[in-house]
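Working notes for the structure below.
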Amino acid sequence: MAGLEVRGLSKSFGDTRILEEISFDVAEGEFCVLLGPSGCGKTTLLRLVAGLEAPSTGTISIGDKRIDPLPPRERDIAFVFQSYALYPHMNVFDNLAFSLRLRGFSKQEIQSKVTEAARLLELEAHLERKPQELSGGQRQRVAVGRAIVRRPKIFLFDEPLSNLDAALRAGMRIELAQLHRKLQATILYVTHDQAEAMTLGEKIMVLDKGKLQQMGNPSAIYHKPANTFVARFVGSPQMNLIEGKLDDKGIVFRAGESRIDLSGALSGHGADYAAKDLTVGIRPEDFHPTAPDGAWIRGEVEIVEDLGSDKFVHIRSGHAKLVARIAPDVGLNRGEILGLAAAPNRLHLFSNGKRINK
């Protein structure tokens, strides 16, 4: 195994720019997740690393060796695709052994490597079965096993769980995390599912419109989003973003009838943004209900979602629609007026879309 280094990677198809100056490192043994919406360039980036597409600019290295000039088979990379890509006429053993036979391994080596992969993935009882005789989760394990038997330097995963139902996805997330701990493999994993990213990733890179928006550990991505795109994209329900303006003294944020004291959140830098347009972000779980009179935000309850362990209330405050998580035992009805507030250190402040508070 080895680490992955990408520098200044760009890709265009004709006049369309798909990726713009992407640079990042994946340390040896690290599980790195590339997170973003459909069409943002995630799969293209994987294909560039794998050698299935040629970059327009930039370099790709594994360890201290540049691999971007090399053909795919010489890069020592395994790619697990969104589709299982299993041979339907072969049983599980032969699917796992296929790449090893192409590379000229002996029967004894193939038997040993396939047996070890089957043991890790709990497929020992299914080696004689054909793919159509397996469940979706088992087929996904076989697809992962085809990569494992080679023991490549880098594993690439392209939305491998997207074809599974919710229950299977949750189970496979745990299995992949456990597998990574056992193998200590270097993994670059693509997904649009933030639950997968937060569960699996030691490092998360958020991509949008071909540009890297933020890179960091899951806590930093969630608690310190670098811009309003990351703030909206990571979190479910998504962060509430309220557009407004700071007063002339740089203290009170005004948005319609809402008044929020930002003196604590701006830590003495309010004067830098006095009389300027700002966006205040508040996660649903950081709101707490309060009496409407004197509340930061007051609005009319439109919908109450009772999920058992959680309750989410949707309110309209002026032109803004907001979501707050409240205690399950709090009773609210449609049409009630609700006041909301939050601790100053739980606020996220953005100017021109970029984060301004620490």
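Can you pull out every residue in the stretch 116-153 that is polar (S, T, N, Q) and under 12 Å from VAL92 (Cβ atoms)?
Within the stretch 116-153, GLN132, GLN138 qualify.
Which is assigned by TED's automatic domain parsing to the domain that holds LEU45, free of Cβ contacts under 8 Å to residues at least 24 places away in the same chain and not hydrophobic (A, V, I, L, M, F, W, C), of LYS113, LYS130, LYS153, LYS107?
Working: LYS113 fails: free of Cβ contacts under 8 Å to residues at least 24 places away in the same chain; LYS130 fails: free of Cβ contacts under 8 Å to residues at least 24 places away in the same chain; LYS153 fails: free of Cβ contacts under 8 Å to residues at least 24 places away in the same chain.
Result of the check over LYS113, LYS130, LYS153, LYS107: LYS107.
Which one of these is at pLDDT 90 or above, farther than 19 Å from ALA177 by Cβ and in contact with a His (Cβ under 8 Å, 6 or more places away or on another chain): LEU134, LEU70? Don't jump to the end; show me each part of the working.
Details: LEU70 fails: in contact with a His (Cβ under 8 Å, 6 or more places away or on another chain).
Among LEU134, LEU70, only LEU134 is at pLDDT 90 or above, farther than 19 Å from ALA177 by Cβ and in contact with a His (Cβ under 8 Å, 6 or more places away or on another chain).
Conditions (1) of a type in the set (Lys, Arg); (2) in contact (Cβ under 8 Å) with a residue 24 or more places away in the chain, marked per residue:
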position	(1), (2)
PHE233	no, yes
GLY250	no, yes
ARG283	yes, yes
PHE287	no, yes
TRP296	no, yes
GLY308	no, no
PHE312	no, yes
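Would you point out which residue out of ALA197, ALA255 is in contact (Cβ under 8 Å) with a residue 24 or more places away in the chain and out of contact with any Phe, Trp or Tyr (no Cβ under 9 Å at 6 or more places or on another chain)?
Numbers: ALA197 fails: out of contact with any Phe, Trp or Tyr (no Cβ under 9 Å at 6 or more places or on another chain).
Exactly one residue qualifies, and that residue is ALA255.
Output the number of residues of the stretch 309-342 satisfying the condition of being surrounded by fewer than 13 Cβ atoms within 10 Å (Cβ to Cβ) and within 26 Å of the chain's Cα centre (by Cα).
Here the count works out to 1.
Among the strands (runs of 3 or more DSSP E) lying completely within the stretch 1-101, list those that include at least 3 residues that are farther than 22 Å from VAL234 by Cβ.
Values: elements: 4-13, 16-26, 31-35, 57-62, 77-80.
Filter on the stretch 1-101 gives 4-13, 16-26, 57-62, 77-80.
Given the criteria more than 27 Å from GLN194 (Cα to Cα) and buried (at least 20 other Cβ atoms within 10 Å of the Cβ), does ILE67 qualify? Steps first, please.
Numbers: more than 27 Å from GLN194 (Cα to Cα): yes; buried (at least 20 other Cβ atoms within 10 Å of the Cβ): yes.
Yes: the conditions hold for ILE67.
The values are calculated or read from the model by the stated rules, or taken from the named source; none is laboratory data. None of the values given here were measured: they were computed from a predicted structure. For neighbour counting, all protein chains shown are included, and Cβ atoms are generated from backbone atoms with ideal geometry for every residue, glycine included.
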